[in-house]
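The values are calculated or read from the model by the stated rules, or taken from the named source; none is laboratory data. Because the structure is a prediction, the values reported are computed rather than measured. Note that each Cβ is placed from the backbone with ideal geometry, even for glycine, and that neighbours are counted across all protein chains shown.
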Amino acid sequence: MKIVHLVASELKRLTASSMARLALVALMLVPVLYAGLYLWGHNDPYGNLKDVPVALVVEDTGATLDGQAVNYGDEVRDHLLKDASVGWHVTSAAEADQGVRDGEFDFILTLGPDFSSALTSASGDAPEQAVVKLTTNDTNSFLATTIAGQVAEKVRASITERVGKQAALTLLNGFATVRTNLGQAVDGATQLADGSGTAAAGALALAQGSGSANIGALQLSSGLNELQSRTADLPAQAAALNDGAQQVAAGNAELAGKSSEVASAVQDAVNQVPAARADIVALLDQTDLTPEQKAAILAQLDQVGTAINDGNAQVQDANTKINALAAGSAELAAGTQQLADNTPALAGGIADAAAGASTLSSGITQLAQGSLDLSSGLNALDSGASTLRDGLESGLADVPNQTPEQRETAAQTIADPVALDTSAVTKASNYGAGMAPFFISLAAWIGIYALFLIVKPLSRRAVTALKKPFTVATAGWLTPAILGALQMTAVFGIITLALGYQVEHGWGMFGFMVLTSATFATIILALNILLGSVGQFLGLVLMVLQLVTAGGTFPWQTLPGPLQVLHNILPMSHAVDGIRQLMYGGNLTLAAGDAGALLCWLLGALLVSFLGARRMTRHRTLRDLRPSLIG
């Protein structure tokens, strides 16, 4: 009951006058103003980047790609203006430079005259990187420089993706052409393999035929050589034959002349027979011969006439044959003359034919050998053509057969091969919610620190009168702990109602905030009891130290080694982590561990406060009676 009485007495003192009440309210509002105003002011800075003025300078003169004019600078400008991630202002280089110096623009993004030509240079012999020039001025804002780097990287990545897609599409279209040509090459290689196989078989057959032809050529050469040897005397023999034929022709001509004379004479005699008979008949008529005698004489005469006629017929027939013989002899003589004239040429031709047959035999032998070589070469060609065909077919199978739509998709994938699939175990709703645990913890410390400007750590009257250090120390702690709980209630209301931040474990977070404030109250109480005003000052130093080591802004792992050790020890680090776990719906086991760490600090500080109060109940120093300015 004495603890409650002491707490009530202290609260009554704090509200004894209007100025006291005003001072108490003002100090109670310190954490609310600190946390509320800061988090309100920085609730969603990234969502308001569209209001950050940025100069965009586009000097790109364009380039030619595949026979078409392109200007990537204008495309980037139009995309950025449409995206409106920051407050873009398209301006000249001179105006942008002056504006970033005067603070009109936070930074400048410049696309130079050769921007497009550099982007398209990869298709030529002298590729070069395109440059996105970023100009910053830290006097405008250091964080603006950081934002500028992020914006420039985003622009660079967007350009890289677009140009990379175009390059990849060109490459894939080239692959499509290569695949078509490979298909034609496979067909050609197949025809070559088939043709080379047929040619190899034909070459072998040619070699075999050449062997047979060579045998025939050898036989022909042998026969012609024998014919040449046997016809060597043919011109002389033909000449002798011609001489004989000429003599026979001349004799036959002479015989034909004599025969014609005899035939003519015999014919004349035959022609005279009728007249001679008529004369004989007339003579007989002059005689006294009887008709029978006359008839007998005429019968004998007619037999002679008939014999003469028969003889004439034989003579005429013989004459005709002799004339024919003479004519044939003449023709034979003419023929033998031609034979005699042409026989030397015939003999020469036979000699030439014999020589040619020998050359032919040699040539056919070479042809046979060449055909064998050709067959061997064609077999190798057939094997190579088959290997070529198989290799081309394998290569054709390795080249993707894509439609234009598939190539478009593949080009997009090549240009932007990795998609970021973001999943969050827990997630703060915005920047302000992300910073809230740190500033709630800091506000709790500042609120308690401010309260100890008017709250007495210990009642000196109670220390002197009661001589109960536990009661006095507990009462000295409960007063700022109760006021700190009220502060945390107000801060919790600002966080959840005014700013509308989502809290996954509301009651748990509120209780943890009260525990945090109570722990901080115990620590500052212990410092004040032990060291007086010096302890109060050390509370400020400890706040600054925890502000650095709590890991509220950057990950604590980025701290130097000694500060990392302090991070794991000091209470505000556990306060920040516990509020994060409860606010974002994290690991409740970790939150319980953080609460345990705060309880250890709270109990440890209470123990120190108890020992300090105990010392004061037993020993009073001059400082206790008349405290100096610094305690």
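Against the definition (in a helix (DSSP H, G or I), among the small types (G, A, S) and at pLDDT 65 or above), how does G174 come out, yes or no?
Criteria not met by G174.
For region 253-292, how many residues are exposed (fewer than 10 other Cβ atoms within 10 Å of the Cβ) and either part of a loop (DSSP other than H, G, I, E, B) or touching a residue at least 40 places away in the same chain (Cβ under 8 Å) (or both)?
3
Can you tell me which of A436, A419, A498 is under 55 Å from the mean Cα position of the chain (by Cα), more than 30 Å from V534 (Cα to Cα), modelled with pLDDT under 85 and not polar (S, T, N, Q)?
A419
A quick yes/no check of all residues on (1) at negative phi; (2) modelled with pLDDT of 90 or more; (3) outside the structural domain of Y501 (by TED's automatic domain parsing):
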{"residue": "G532", "(1), (2), (3)": "no, no, no"}
{"residue": "L540", "(1), (2), (3)": "yes, no, no"}
{"residue": "Q546", "(1), (2), (3)": "yes, no, no"}
{"residue": "A550", "(1), (2), (3)": "yes, no, no"}
{"residue": "T553", "(1), (2), (3)": "yes, no, no"}
{"residue": "Q557", "(1), (2), (3)": "yes, no, no"}
{"residue": "G578", "(1), (2), (3)": "yes, yes, no"}
{"residue": "L588", "(1), (2), (3)": "yes, yes, no"}
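A quick yes/no check of all residues on (1) modelled with pLDDT under 75; (2) within 58 Å of the chain's Cα centre (by Cα); (3) under 30 Å from G370 (Cα atoms):
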| site | (1), (2), (3) |
| --- | --- |
| L206 | yes, yes, yes |
| G223 | yes, no, yes |
| L241 | yes, no, no |
| A245 | yes, no, no |
| S264 | no, no, no |
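Out of all the residues in region 500-529, which are surrounded by fewer than 18 Cβ atoms within 10 Å (Cβ to Cβ) and part of a loop (DSSP other than H, G, I, E, B)?
Passing the criteria: G500, Q502, E504, H505.
Give all pairs with beta carbons closer than 6 Å in which a residue from region 572-590 that is surrounded by fewer than 17 Cβ atoms within 10 Å (Cβ to Cβ) meets a residue that is in a loop (DSSP other than H, G, I, E, B) and not basic (K, R); count only pairs at least 6 apart in sequence or on separate chains.
Going by the 6 Å Cβ cut-off, the qualifying pairs are G585/T426; G585/E504.
Can you find a residue that is assigned to a loop (DSSP other than H, G, I, E, B) and in contact with a Leu (Cβ under 7 Å, 6 or more places away or on another chain) anywhere in region 116-133?
Yes, the conditions are met somewhere in region 116-133.
Kindly indicate whether T343 is at pLDDT 75 or above, in a helix (DSSP H, G or I) and assigned by TED's automatic domain parsing to the domain that holds S259.
So T343 fails the test.
Of the numbered conditions (1) within 30 Å of L606 (Cα to Cα); (2) modelled with pLDDT of 70 or more; (3) not in a loop (DSSP other than H, G, I, E, B), S386 fails exactly one; give the number of that condition.
In the conditions (1) within 30 Å of L606 (Cα to Cα); (2) modelled with pLDDT of 70 or more; (3) not in a loop (DSSP other than H, G, I, E, B), S386 misses (1) alone.
Restricting attention to region 43-99, which residues are of a type in the set (F, W, Y) and assigned to a loop (DSSP other than H, G, I, E, B)?
None - no residue of region 43-99 is of a type in the set (F, W, Y) and assigned to a loop (DSSP other than H, G, I, E, B), so the list stays empty.
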